[in-house]
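Chemist: Dumping the structure here so I can ask a few things about it.
The values are calculated or read from the model by the stated rules, or taken from the named source; none is laboratory data. Everything numeric in this text was worked out from a predicted model, so none of it was measured. For neighbour counting, all protein chains shown are included, and Cβ atoms are generated from backbone atoms with ideal geometry for every residue, glycine included.
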Amino acid sequence: MPLWKMVDRKYCDIADLADHVLVPVGNAIYNFYARTWPGRFRKQVEDAIDRGISFFEQQETLTFDAIGTFLLMINTSYEPRLDRFDEKIRAYAGKWNDPHLRLLDEDYDPESGVNTAKEEVNPNGLDMVEKPLVDCLYADRAGIDEKFLQEIEALEDDGGYGTTHKLLAAVILKKFSAIPGGVLDGMIESAISNIAKAQRRASAADIFFERTVLLQWLDRDHFVDPAWIVRILRAQLGNGGWRWDRSFRRRRAEQHPSCCGLTALIQFREKRIKGGAATAPKPSELGRAFPLVAGVQGRAPLMAR
């Protein structure tokens, strides 16, 4: 392993240990700030959202992570300026034959003849925590039953990426499988509990943003301290994006942490600063029909409610 990687890893390990002491103290200070100067706090949130949207406007293409997050978890009911991304979203759907597109269109079939000319996303090349999500998306077509839940439970890692993907898997299965909702609800609540616990002593990095988004998406806003939002504000880079982790070498903004950071701020603004948006997208709306190809008849505009 190169020396710089060894030093970087050691730095991150030491910083993670320090978080157990420093994060609770920092959160107390940040909560005090947000509640003592609410006007300044609100303005910082709005300014950060402006910069985050500008970051994505400057991206030539959007990743599916950004597309899925913007469409399913906030879309134009929370932030009308997101409709500027319609063209980039259509470009993605027109280029990639991606099984994840079923999140946007329950009729999507990656094996359909109309999709064979596109560049294909190979599910076997996905990360281990992502692969089961594709199975969940096509649970009805594959006849997936409760036995599959053992594979989902195996993702659990005490609030890390495994837990967030376990949570997403259960939400998706509620839409696309015949597994009893009560069984899946138990899995969802277990994941939420572990996510909230892990979040209380975590620094502002990609997984921190992701957990904040999921808790707010699932209406567990009471878990989300204003201090978490202050941490997201402080982690934003000069170009409006966010980076994956706290590595002192990798200061470049990437789309996944950036879409999660931006989404968390927009959710907080609408739910906690503006008092809640009744038109917010809900997990039960997974699989809403979107015209992924221009010219489809009888369907609403891409980002319409």
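Chemist: Give the residues of the range 167-209 that are outside any helix (DSSP H, G or I), more than 22 Å from Ser284 (Cβ to Cβ) and aliphatic (A, V, I, L, M), sorted by residue number.
Modeler: Residues satisfying the conditions are Ala202, Ala204, Ala205.
Chemist: So if I check each of Glu106, Glu153, Glu79, which one is without any contact (Cβ under 8 Å) to a residue 40 or more places away in the chain and at negative phi? Before the answer, list the steps.
Modeler: On the way: Glu106 fails: without any contact (Cβ under 8 Å) to a residue 40 or more places away in the chain; Glu79 fails: without any contact (Cβ under 8 Å) to a residue 40 or more places away in the chain.
When all the criteria are applied, what remains is Glu153.
Chemist: Cβ-Cβ distance below 8 Å, separation of 6 or more or different chains: which pairs start in the range 18-40 with a residue that is under 16 Å from Arg200 (Cβ atoms) and end on one that is of a type in the set (Ser, Thr, Tyr)?
Modeler: Matching pairs, first to second residue: Asp19/Ser203; Val23/Ser203.
Chemist: Okay, next question. Looking at Arg81, Arg90, which one is surrounded by 12 or more Cβ atoms within 10 Å (Cβ to Cβ), more than 19 Å from the chain's Cα centre (by Cα) and in a helix (DSSP H, G or I)?
Modeler: Exactly one of Arg81, Arg90 is surrounded by 12 or more Cβ atoms within 10 Å (Cβ to Cβ), more than 19 Å from the chain's Cα centre (by Cα) and in a helix (DSSP H, G or I), namely Arg90.
Chemist: Oh, and also: Every residue in the range 102-157 that is basic (Lys, Arg) and under 24 Å from Asn194 (Cα atoms), please. Even if it seems obvious, please write down each step before you answer.
Modeler: Filtering the range 102-157 down to residues basic (Lys, Arg) leaves 102, 118, 131, 141, 147.
Correct list: Lys131, Lys147.
Chemist: Right, here's the next one. Just checking, does the range 47-56 include any residue being free of Cβ contacts under 8 Å to residues at least 12 places away in the same chain and either touching a helix residue (DSSP H, G or I) at 6+ places or on another chain (Cβ under 6 Å) or not in a helix (DSSP H, G or I) (or both)?
Modeler: no
Chemist: Now a separate question. Which residue pairs have Cβ atoms under 8 Å apart, sit 6 or more places apart or on different chains, and have a first residue in the range 125-146 that is in a helix (DSSP H, G or I) and a second that is among the polar types (S, T, N, Q) and surrounded by 15 or more Cβ atoms within 10 Å (Cβ to Cβ)?
Modeler: Short answer, once both residue conditions are applied: Cys136/Ser177; Ala139/Ser177; Asp140/Ser177.
Chemist: Is one or more of the residues making up the range 95-104 loosely packed, with under 14 Cβ neighbours inside 10 Å, assigned to a helix (DSSP H, G or I), among the charged types (D, E, K, R) and at pLDDT below 95?
Modeler: yes
Chemist: Does at least one position in the range 243-256 carry a residue that is hydroxyl-bearing (Ser, Thr, Tyr), surrounded by fewer than 17 Cβ atoms within 10 Å (Cβ to Cβ), modelled with pLDDT under 90 and at negative phi?
Modeler: yes
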